[in-house]
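The values are calculated or read from the model by the stated rules, or taken from the named source; none is laboratory data. Bear in mind that the values here come from a model prediction, so they are computed numbers and not experimental data. Every residue, glycine among them, receives a Cβ derived from its backbone with ideal geometry; neighbour counts consider all protein chains shown.
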Amino acid sequence: MIDHLIPILAGTLAAATPLIFAGLGELVAERSGVINLGVEGMMLIGAIAGFAFAAETGYGAVTGLPAGALAGAAAAMIFAFFALSLSANQAACGLALTIFGIGLSAFIGQHYVSYSLPGLQPISIPLLSDIPLLGPVLFRQDWVVYLSLIAFALVTWTLAKTRLGLLLKAVGESPEAAHAIGYPVLGIRYGAVAFGGAMAGIAGAYLSTVYTPLWVQNMSAGRGWIAVALVVFATWKPTRLLLGAYLFGAVTILQFHAQGLGIDVPVQFLAALPYVATIVVLVVISRDRKLLQLNLPASLGKPFLP
Amino acid sequence: MSQSARLQLLHISKRYPSVVANDDVSLSVEPGEIHAILGENGAGKSTLMKIIYGAVKADAGEMLWNGRQVAIASPAQARKLGIGMVFQHFSLFETLSVVENIALVLDEPFDLPALAARVKEVSERYGLPLDPYRSVHSLSVGERQRVEIVRCLLQDPKLLILDEPTSVLTPQAVQKLFETLRRLASEGVSILYISHKLHEIKSLCDSATIMRGGKVTGTAIPRDETPASLARMMIGRELPVCEAPAFTGLVKPVLEVDRLSLASADPFGTSLSHVSLTVNAGEILGIAGISGNGQAELLAALSGENTVDRETIWLAGEAIGHLDAGQRRSKGLVFVPEERLGRGAVPAQSLTRNALLTAHRQDMKHWGLVSYSKAKAFAEQCIARFDVRCGGPDALARSLSGGNLQKFIVGREIMLAPRLMIVAQPTWGVDVGAAAFLRQTLLDLSRTGVAILVISEELEELFEISDRIAVLAAGQLSAAQPKAATNAESVGLQMSGLFNETAQPTESGHAPA
Amino acid sequence: MHLLEPRAQPSQLMRWTAPLIAIGATLLTGSLLFWALDKSPLASFYVFFIEPLTSSYGWSELLIKACPLILIAQGLAIGFKARIYNIGAEGQLIVGALFGGGVAIWLEGSDSGWVIPAMVVAGAIGGALWGAIPALLKTRFNAEETLTTLMLTYVAIHLLSYMVNGPWRDPEGMNFPQSIMFSDNALFGLLIEGSRVNTSIFITIFAVLAFWLFNARSFLAYTLEVGGQAPAASRYAGFSAKRTVWFSLVISGLTAGLAGVGEVAGPVGQLNLNISPGYGFAAIIVAYLGRLHALGIVLAGCLMALIYLGGEAAQVSLQMPSAITGIFQGMLLFFLLGADAFIDNRLRRPA
């Protein structure tokens, strides 16, 4: 059993990493009152940009991740122009971005279909990685996994302890009031959306340059949407988002270990499990309307025109 | 032209696509002066104040600050100059604490504990005590206003703008506010006081600029005027009065509410506890109180937008608590909500289609298909009978002024031949002429034997049209008193007295027992 | 950064020209894209948008692709008016195809004339059922339909994959994930010799007329629209919000399910993993582009079908990936939403 446990737990951390990045990004955007359903599209654009850059430069994830971040942020700016500057329907704009991103990534990805990248070696942290069970799970991961935790800590601290975090929350609750006291609501929302795009881009680049270092069309396979659902599940709180991401990481990783664990279920059913789990957690969290209302950024999804 | 003026506006103009909000407006305020801007809803007062505060940019005109020409591009710049503003619909964030709200407008390093101490100190110095760590959503409306004022005071203002500050206060709290304002003026702070309440201006302000339709129509020394003369300047004619003849028909209960308790669905709402009331045929029952004390919850429960236990609400002897709004309307209960756009009417739809909203039960549909010609005829009739000024039945609801849309909604509901009409804030945001028309319409309707329940924040209005008055505070309803047996003072006391005393030691501190 | 200010009156002109502006902007951006790829924009556009229509076969293919798009979009438009965002029509299409295809496999060898009607009914039920799940989750548990409908699409894809890899795999299909080819009486009859146009087109025609009447005159459509535009007004009038949710999702699921049957009992002729090239998603754009109007959707559906055909042609003649279809679809929706902003707003004028 323990033979399975370590790879399952270690794999969970890696599988959760893209969800943490994309989820944190979407969480920040939603805190400012903007719902961007284009996470899936931004992830794919980030994935192909990261992959192409890593392949062309030969430096792998080190160049792939920043390229993915830039591409994701750029994609988010298209969304922001329509959804913020033109006050168009946010949900529909996000959908447009996803459709566009799927098409664009597949279009560019055509050139990279047979490529593969070397991927990343795990970094063993001295001493800590020798702790039984915990060591191999927590301290023998690739550096991007550690980066996701740093990103989590930074976002959590910013939201809870800084003026910027307060401002995001304020703009998300009442853009009218924020505007009345003189804050540039749209500028702040542009920033939050760009951050969300960059994080989604990193998530995508992680998938294509580290997690499965080769290009497959539509390789994010709905993770962007799961990240959006995770934000709801997390009731817009980073810590709960982290827990949710690990839960989904575990569900995702289960299908690769099912046989070894003696679970005899058709592989398609296991593959569908993360999506079913998403529905289940959405139901569980949404049935408590008051809890949602208390935490929901009050202006979420509503266009703001001063 | 005065050399000493703190603020001078010269020929300010601002136009929007559909309206000229300010047209060649000039005024001047001295240090320590309390200057009233008097005008009806839609006269352009709020736009003018937003221009001064840098939230809106004027199309033309100049502004002089202490004799020097300035162009105020943003509220931050206004604050830097020493201009503070207390908004009518407060610019506070419900989910943040008092000190967090204040920190967001201060241009200084982010240090909440230090700021909290200063908030406490300043608020106590001016008799506006506040707990810096309370969440804003848990504060009463009066306390929220204190937060806004303290927020301005912390920036050491030279000019304080207050936009309709008393519309949400009890008569006692208004007096308290006036004390604070007079004290600030005595310290040299100029105050711009925006209001349409004549006797308040008369008792508080040193001078007044009167606006109508975006233009300045006169200036006055309020002390030397009567409310009637001020009103003439404000609306351009005599203040209309309503006639309330006695009801001569058979008095029998139409609406009975029996110990209605309801937990609010809104996490920031107020729950109702044991609300009982009776409205008789031919009378208007007024319910006074400040919004947020269970008004929204009571209205939703009475209208059927929220259903409740069957036997808590009775209409003409029939239990209807479990019926939804449509079913209740079919039984003769009609409702005019506070929000006209988006609740009483669909903003982006024509009046014809808005007639259909509730009047579809007047033989407008067959086998599931709508007869739009009947709906249109109904809308036309409503427009003619209730003097709705609009572009005809095809005009969109949102293109109508507040008063005209309210006339349309009230008219539509009256044309359903109700037994009981429930009206919330009947004249909120409505010009004086339309308000008088609406009040008279309600009075006339009640004297035909219809029972009417009016919920309003405007005490004057309730005393004008109600036969009996009750007060809703903290989700509890006082016993209704005949109008002659009560007065504004005592109703005002009930509005604050019942109000959540344990949570607000400061509020009860100055309310005489 | 705020580019707009509200108009005093919404512009009717913009309401109807916005789709044309969006198409124009898409073509313009598209030509920049072709130009950047060193292809002549004019020649590319010829391949993309004109060449497919130079043969009668091309026109018949246009019809084949337009029918499912129009059918699904009619159902989606009902929901969109009520602001119920079903973005999982693709999944409902797949489940409809599974139900319909299941009937075909079950009745394999039967020579009854009722096989096709039974498949149609089964497909409608399957799609409606897949739409009913998010309706239940929303009315009962308050779960967002956007996310649940989309997640159910992934579930449907895996379900389809399981069926054609497992129980319903064609034993003689060389292990490909596909079912048997359906027999002739489990296929819609061909209408035009030499083309693939079949009798399922009558389902679409009937749907267009039915939805047109429904939208124009029914009281239910009015209540749905009120529910979407002003939920508080809907509650005030006593219209049931739950009925709106159920009706929107079940109807749009049903039309998507019908479209699924139309594919497996039509051009595809079996169950496999390529039943739909994303019709369920493209239909969202069709619905908006057609102004949520039954007849507008017909035009928009034809345009979207042309984009699909153009994508296929570009693959053959220009050696471009067919993914370019997705790029065009995304751009079209973006530009449409942007142009729509000018119905209620206008460009901010400098003071």
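The figures follow:
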{"quantity": "Which numbered condition A:L273 fails, given (1) within 11 Å of another protein chain (Cβ to nearest Cβ); (2) in contact (Cβ under 8 Å) with a residue 40 or more places away in the chain", "calculated": "(2)"}
{"quantity": "Segment C:303-351 - residue that is among the acidic types (D, E) and either more than 28 Å from A:A83 (Cβ to Cβ) or at pLDDT below 90 (or both) and, of those, surrounded by the most Cβ atoms within 10 Å (Cβ to Cβ)", "calculated": "C:D344"}
{"quantity": "Condition met for C:L190 (within 11 Å of another protein chain (Cβ to nearest Cβ), over 25 Å from A:G94 (Cβ atoms) and out of contact with any helix residue (DSSP H, G or I) (no Cβ under 8 Å at 6 or more places or on another chain))", "calculated": "no"}
{"quantity": "Residue count, segment B:202-218 (criterion: without any contact (Cβ under 8 Å) to a residue 60 or more places away in the chain and outside any helix (DSSP H, G or I))", "calculated": "2"}
{"quantity": "Residue in segment B:90-112 that is assigned to a strand (DSSP E or B) and either free of Cβ contacts under 8 Å to residues at least 40 places away in the same chain or more than 25 Å from the chain's Cα centre (by Cα) (or both) present", "calculated": "yes"}
{"quantity": "Top-ranked residue of segment C:221-257 - restricted to ones that are without any contact (Cβ under 8 Å) to a residue 24 or more places away in the chain and of a type in the set (S, T, N, Q), ranked as nearest to C:F141 (Cα to Cα)", "calculated": "C:S240"}
{"quantity": "Any hit, segment B:131-140, residues being hydroxyl-bearing (S, T, Y), in the same structural domain as B:P227 (by TED's automatic domain parsing), touching a His at 6+ places or on another chain (Cβ under 7 Å) and not in a strand (DSSP E or B)", "calculated": "no"}
{"quantity": "Unique residue being in contact (Cβ under 8 Å) with a residue 24 or more places away in the chain, of a type in the set (K, R) and surrounded by fewer than 21 Cβ atoms within 10 Å (Cβ to Cβ) when the list is B:R259, B:R328", "calculated": "B:R259"}
{"quantity": "Conditions (1) within 14 Å of another protein chain (Cβ to nearest Cβ); (2) without any contact (Cβ under 8 Å) to a residue 40 or more places away in the chain; (3) more than 21 Å from B:C152 (Cα to Cα); number of the one not met by B:Q69", "calculated": "(1)"}
{"quantity": "Some residue of segment B:261-271 being closer than 28 Å to B:L443 by Cβ and part of a loop (DSSP other than H, G, I, E, B)", "calculated": "no"}
{"quantity": "Complete set of residues in segment C:263-280 that are at pLDDT 95 or above and within 12 Å of the chain's Cα centre (by Cα)", "calculated": "C:Y279, C:G280"}
{"quantity": "Single condition A:G41 does not satisfy, out of (1) touching a Pro at 6+ places or on another chain (Cβ under 7 Å); (2) within 14 Å of chain C (Cβ to nearest Cβ); (3) part of a helix (DSSP H, G or I)", "calculated": "(1)"}
{"quantity": "Residue in segment A:71-91 that is within 30 Å of A:V185 (Cβ to Cβ), in contact with a strand residue (DSSP E or B) (Cβ under 7 Å, 6 or more places away or on another chain) and not hydroxyl-bearing (S, T, Y) present", "calculated": "yes"}
{"quantity": "Helices (runs of 4 or more DSSP H) within segment A:62-181 that include 3 or more residues touching a residue at least 12 places away in the same chain (Cβ under 8 Å), closer than 18 Å to A:L27 by Cα and not small (G, A, S)", "calculated": "A:90-109, A:143-161, A:163-173"}
{"quantity": "Restricting segment B:84-101 to residues that are within 23 Å of B:S195 (Cβ to Cβ) and in contact with a strand residue (DSSP E or B) (Cβ under 7 Å, 6 or more places away or on another chain), the residue that is nearest to the other protein chains (Cβ to nearest Cβ)", "calculated": "B:F87"}
{"quantity": "Qualifying position, being within 12 Å of chain A (Cβ to nearest Cβ) and aliphatic (A, V, I, L, M), among B:L128, B:L115, B:L81", "calculated": "B:L115"}
{"quantity": "Search result, residues across segment B:183-217 that are in contact with a Gly (Cβ under 6 Å, 6 or more places away or on another chain) and under 24 Å from B:L81 (Cβ atoms)", "calculated": "B:A185, B:G188, B:M211"}
{"quantity": "Check on A:F152, farther than 22 Å from A:L5 by Cα and within 14 Å of chain C (Cβ to nearest Cβ)", "calculated": "no"}
{"quantity": "Among (1) part of a loop (DSSP other than H, G, I, E, B); (2) closer than 30 Å to B:A43 by Cβ; (3) not polar (S, T, N, Q), the one test that B:E305 misses", "calculated": "(2)"}
{"quantity": "Some residue of segment B:289-297 being β-branched (V, I, T) and under 21 Å from B:R412 (Cα atoms)", "calculated": "no"}
{"quantity": "Verdict on B:L315 being aliphatic (A, V, I, L, M), surrounded by fewer than 20 Cβ atoms within 10 Å (Cβ to Cβ) and either farther than 26 Å from B:N280 by Cα or more than 11 Å from chain C (Cβ to nearest Cβ) (or both)", "calculated": "no"}
{"quantity": "Residue count, segment A:249-270 (criterion: more than 12 Å from chain C (Cβ to nearest Cβ) and within 18 Å of A:A15 (Cβ to Cβ))", "calculated": "13"}
{"quantity": "Residue list for segment C:1-39, filter: in a helix (DSSP H, G or I), within 14 Å of chain B (Cβ to nearest Cβ) and surrounded by fewer than 15 Cβ atoms within 10 Å (Cβ to Cβ)", "calculated": "C:Q12"}
{"quantity": "Check on A:G187, out of contact with any Phe, Trp or Tyr (no Cβ under 7 Å at 6 or more places or on another chain), within 14 Å of chain B (Cβ to nearest Cβ) and either surrounded by fewer than 21 Cβ atoms within 10 Å (Cβ to Cβ) or not in a loop (DSSP other than H, G, I, E, B) (or both)", "calculated": "yes"}
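Each row is one residue, and each column tells you yes or no for (1) over 25 Å from B:T448 (Cα atoms); (2) more than 9 Å from every other protein chain (Cβ to nearest Cβ); (3) part of a loop (DSSP other than H, G, I, E, B).
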position: B:G321; (1), (2), (3): yes, yes, yes
position: B:E339; (1), (2), (3): yes, no, yes
position: B:A375; (1), (2), (3): yes, yes, no
position: B:C382; (1), (2), (3): no, yes, no
position: B:V388; (1), (2), (3): no, yes, yes
position: B:N404; (1), (2), (3): no, yes, no
position: B:K407; (1), (2), (3): no, yes, no
position: B:A417; (1), (2), (3): no, yes, yes
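Per-residue answers, yes or no, for (1) out of contact with any Leu (no Cβ under 7 Å at 6 or more places or on another chain); (2) at the interface with another protein chain (Cβ under 9 Å from one of its Cβ atoms); (3) basic (K, R):
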{"site": "A:S174", "(1), (2), (3)": "yes, yes, no"}
{"site": "A:A177", "(1), (2), (3)": "no, yes, no"}
{"site": "A:A192", "(1), (2), (3)": "no, no, no"}
{"site": "A:F195", "(1), (2), (3)": "yes, no, no"}
{"site": "A:A203", "(1), (2), (3)": "yes, no, no"}
{"site": "A:W215", "(1), (2), (3)": "yes, no, no"}
